[in-house]
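Please read the structure below before turning to the comments.
Nothing in this text is a laboratory measurement; each read-out follows from the coordinates by a stated rule. Values in this document were obtained by computation on a predicted structure and should not be read as measured data. Methodologically, a virtual Cβ is constructed for each residue, glycine included, from the backbone with ideal geometry; neighbour enumeration extends over all protein chains shown.
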Amino acid sequence: MKICITSKEASLESELDPKFGRCAYFIFVETNKLGFEAFSNTNADESQGAGIQSVQFISEHGPDVILTGNIGPNVYDTLSAAGIKIITGVSGIVKDAINKYENGELKSVDNFTINSHFEIKLQH
């Protein structure tokens, strides 16, 4: 299984980033392997469409599930259509979140958690 986690830094020891489209990094972990890959989120500074562009980026890496803090309606719909399981409300250290997911402590959601453009409104 491949898990994608939004992160503030490029490390399994870093804090999970609660923002999906504007997170600092996407970390991909293959649960049946020992390694991981971290990618800087080049969409984080986009004025519009950061969430959808981020979905397109992570979809190219084929995750089965995404662990993050919050997602908006467009991201929810796009991730769902891509068949990617969505876990929101996740916080703490990346490796701890992975362990919680593997132990069945985190459950998928069936709706978005913030309104569209929530993050942009907070910046004004």
Of all residues in the range 12-25 being under 25 Å from GLY104 (Cβ atoms) and touching a residue at least 60 places away in the same chain (Cβ under 8 Å), which is surrounded by the fewest Cβ atoms within 10 Å (Cβ to Cβ)? GLU13
Regarding the range 26-47, can at least one residue be identified that is under 10 Å from the mean Cα position of the chain (by Cα), more than 17 Å from LYS8 (Cβ to Cβ) and buried (at least 18 other Cβ atoms within 10 Å of the Cβ)? no
For the range 14-105, give me every one of the helices (runs of 4 or more DSSP H) that falls completely inside it and has 2 or more residues that are within 17 Å of LYS2 (Cβ to Cβ) and touching a helix residue (DSSP H, G or I) at 6+ places or on another chain (Cβ under 8 Å). 50-59
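Per-residue answers, yes or no, for (1) among the charged types (D, E, K, R); (2) in contact with a His (Cβ under 8 Å, 6 or more places away or on another chain); (3) within 22 Å of GLU102 (Cβ to Cβ):
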site	(1), (2), (3)
CYS4	no, yes, yes
GLY21	no, no, no
ILE27	no, no, yes
ALA38	no, no, yes
SER54	no, no, no
PRO63	no, no, yes
THR78	no, no, no
